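Working notes, structure below.
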Amino acid sequence: MSVTKLAYYPGCPSDATAMEQDMSTKAVFEKLGVELVEVEDWNCCGAAEVEDPELVYALNARNLAIAEKEGLDIVTPCSICYYNLERSNQALKADEGLRAKVKGIDSSLDYNGKIKAKHVLDVFVNDIGLEELSSKISKKLNLKIAPYYGCYISRPPETGFDDPDDPDTMDKLIELMGGEIVPFSQMKTLCCGGPLMMTRSDIAFDMAMKILDTAKSAGADCIALACPLCGMMLDGKQADIEKALHVEIDMPVVYITQLLGLALGIDANELGLNKNVVDTKDILGKVV
Amino acid sequence: MIKTWELDPNFKEEIMNERGGEHLTACFQCSTCTLGCPIIDYVPTYNPRKIIQMSLLGMRKEVLSNPDLWVCLICQTCTARCPQDVRISDLLGAIRRIADKEAEAGKIKIESSRPIFDKAFQHQLAKYGRLYDMGLAKEYYPKREGSFFKGMMAMMNDYKDFGMRMFKKGKMGPKAMFPEKVKDLAVMKKIFEEMGEK
Ligand code: SF4
Ligand code: SF4
């Protein structure tokens, strides 16, 4: 399928803790010849903290409506934003009463259900496709990689775009780029603990540690992921986890968009590989 | 022990009338949700199957004041595996919203700082339309600790190393001190007035 233009929803961490994900997403799409049009004046999707589904639907109706006016499907690199956009999309499409109620709040929330919401990983593998990607890949990733999917890529089933127990979208992409997948199946879809970071950090740290530790024991050069909250837990908080649990991990954590960027021959700094907290220099040396 | 005279026969409907709680009665108590839940490794009492059973029985007060409601990760593992499509992850959210209203009305006490956090988060969205980390921390910590001073100490403790790390990577510059605002703030205000939990 040829994708040429998409509405881009960056999400709140895009200019802070996950700026490297935002940078690499933009650089990769440019290289692939896909134009991204940032959703004008976008608002937060509600993350995991807004529990009332109707409030989530209203928040996301505005972003969906802005993209719909442009006549573009909407894409995001964040798994939580994706989940909120797509579940709102489905609920609003299916329920006329809900659409009317949401539109009643403000005319800018008038969404007619005409577009799709997509996660970048889904666009790369299933819309652009491995064949087209392989024709553009110019470098080999000589890396052992632990592919970490987290929750919303494959769950819940209505919005997930991969198998809930054994997802492989990222595996396929990594193998296409020449990377080797390390044994990591039991950790692939385990939650990173992020939602409990601020209220039960003891649980959150231990959950994240299990994931990091498994990748390390499996001999991975890095963990690949696709969500800024997972990134914050596994990369941003890794030093706090090491300190709290008296362990040494030192495991680089990179976004799948950064790896794809490297394989496409994009400069490491343009992909924000100097912004990941755990040093990524060793990885760069293995891209040939 | 079940005190039959304290059971609330309407609790079932109360949950099923909340968005996300609709499928409560589909549960046939197989325990798949509980056995696959990552939290059972950390909280020995954690048991979503039992929360559903107690809800079906009408044990309203016990369910709503159960602190375990607030350690759910919303990770959707239970929902993905349930053979009866109970949608437990959403269902627990529906129960938490009822519990929250009950606590706001002073009828129960919630032994968790999670509602304080979630509310502080939502206040940022209502005010700015986007997440403002600093604003969130400045509201959350003092409320959790019960005083401004203690709150600031706790915040420093959690953030001093992390903040420095982010700063070094250029992820927490002077810009992070101020909120990123949506231009159309009037619509954010309306959304929260119409749909928000007050
Ligand atoms: S998995 Fe579903 S049917 Fe089984 S106990 Fe849990 S909610 Fe009930
Ligand atoms: S959503 Fe909550 S109850 Fe369900 S598996 Fe995850 S942590 Fe357990």
Do any helices (runs of 4 or more DSSP H) lying entirely in the range A:169-247 carry at least 2 residues that are within 19 Å of the chain's Cα centre (by Cα) and of a type in the set (D, E, K, R), and which ones are they? A:169-176
Extreme residue, farthest from the other protein chains (Cβ to nearest Cβ), among residues of the range B:90-134 that are assigned to a helix (DSSP H, G or I) and among the small types (G, A, S): B:A103
Which residue, of B:A105, B:A94, is more than 15 Å from ligand 2 (Cβ to nearest atom) and either of a type outside the set (K, R) or in contact (Cβ under 8 Å) with a residue 60 or more places away in the chain (or both)? B:A105
When residues of the range A:230-253 are limited to those that are away from chain B (no Cβ under 14 Å) and among the hydrophobic types (A, V, I, L, M, F, W, C), the one surrounded by the fewest Cβ atoms within 10 Å (Cβ to Cβ): A:V247
Can you find even one residue in the range B:149-168 that is acidic (D, E), more than 7 Å from chain A (Cβ to nearest Cβ), surrounded by 15 or more Cβ atoms within 10 Å (Cβ to Cβ) and within 18 Å of the chain's Cα centre (by Cα)? no
Kindly indicate whether B:L69 is more than 10 Å from ligand 2 (Cβ to nearest atom) and assigned to a helix (DSSP H, G or I). no
Suppose we filter the range B:13-45 for residues that are under 29 Å from A:C191 (Cβ atoms) and part of a helix (DSSP H, G or I); how many remain? 15
Looking at the range B:25-32, is at least one residue in the same structural domain as B:L69 (by TED's automatic domain parsing), within 15 Å of ligand 2 (Cβ to nearest atom), of a type in the set (G, A, S) and surrounded by fewer than 18 Cβ atoms within 10 Å (Cβ to Cβ)? yes
Out of the residues in the range B:57-81 meeting the condition of being within 14 Å of ligand 1 (Cβ to nearest atom) and within 9 Å of chain A (Cβ to nearest Cβ), tell me which one is surrounded by the fewest Cβ atoms within 10 Å (Cβ to Cβ). B:R81
Output the residues belonging to the range A:58-84 that are more than 8 Å from every other protein chain (Cβ to nearest Cβ) and touching a Ser or Thr at 6+ places or on another chain (Cβ under 7 Å). A:N60, A:A61, A:L64, A:A65, A:P77, A:Y82, A:Y83
In the range B:31-56, which residues are of a type in the set (V, I, T) and either over 19 Å from the mean Cα position of the chain (by Cα) or within 13 Å of another protein chain (Cβ to nearest Cβ) (or both)? B:T32, B:I39, B:I40, B:V43
Say whether the condition of being in a loop (DSSP other than H, G, I, E, B) and among the β-branched types (V, I, T) is met by at least one residue in the range A:249-258. yes
Would you check if A:Y57 is touching a residue at least 40 places away in the same chain (Cβ under 8 Å) and touching a helix residue (DSSP H, G or I) at 6+ places or on another chain (Cβ under 7 Å)? yes
Give the residue, chosen from A:K139, A:K93, that is of a type in the set (D, E, K, R), assigned to a helix (DSSP H, G or I) and touching a residue at least 12 places away in the same chain (Cβ under 8 Å). A:K93
Does B:D118 count as crowded, with 18+ Cβ neighbours inside 10 Å, within 16 Å of ligand 2 (Cβ to nearest atom) and under 30 Å from B:P44 (Cβ atoms)? yes
The correct count of residues that are among the polar types (S, T, N, Q) and either within 14 Å of chain A (Cβ to nearest Cβ) or within 13 Å of ligand 2 (Cβ to nearest atom) (or both) in the range B:1-24 is 1
Determine whether A:M198 is closer than 30 Å to A:F124 by Cα and surrounded by 17 or more Cβ atoms within 10 Å (Cβ to Cβ). no
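This table checks each residue for (1) modelled with pLDDT of 95 or more; (2) within 22 Å of B:D118 (Cα to Cα).
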site: B:M1; (1), (2): no, no
site: B:D8; (1), (2): no, no
site: B:E22; (1), (2): yes, no
site: B:V43; (1), (2): yes, yes
site: B:I52; (1), (2): yes, no
site: B:L56; (1), (2): yes, no
site: B:V71; (1), (2): yes, yes
Unique match (being under 23 Å from the mean Cα position of the chain (by Cα), within 11 Å of chain A (Cβ to nearest Cβ) and surrounded by 13 or more Cβ atoms within 10 Å (Cβ to Cβ)) among B:K190, B:K138: B:K190
Do you know which residues across the range A:20-57 are more than 14 Å from chain B (Cβ to nearest Cβ) and assigned to a loop (DSSP other than H, G, I, E, B)? A:L32, A:G33, A:V34
Out of the residues in the range B:33-54 meeting the condition of being charged (D, E, K, R) and crowded, with 16+ Cβ neighbours inside 10 Å, tell me which one is farthest from ligand 2 (Cβ to nearest atom). B:K50
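The values are calculated or read from the model by the stated rules, or taken from the named source; none is laboratory data. These numbers come from a predicted model, not from an experiment. FYI the Cβ positions are ideal-geometry reconstructions off the backbone, even for glycines, and counts take in every protein chain you see.
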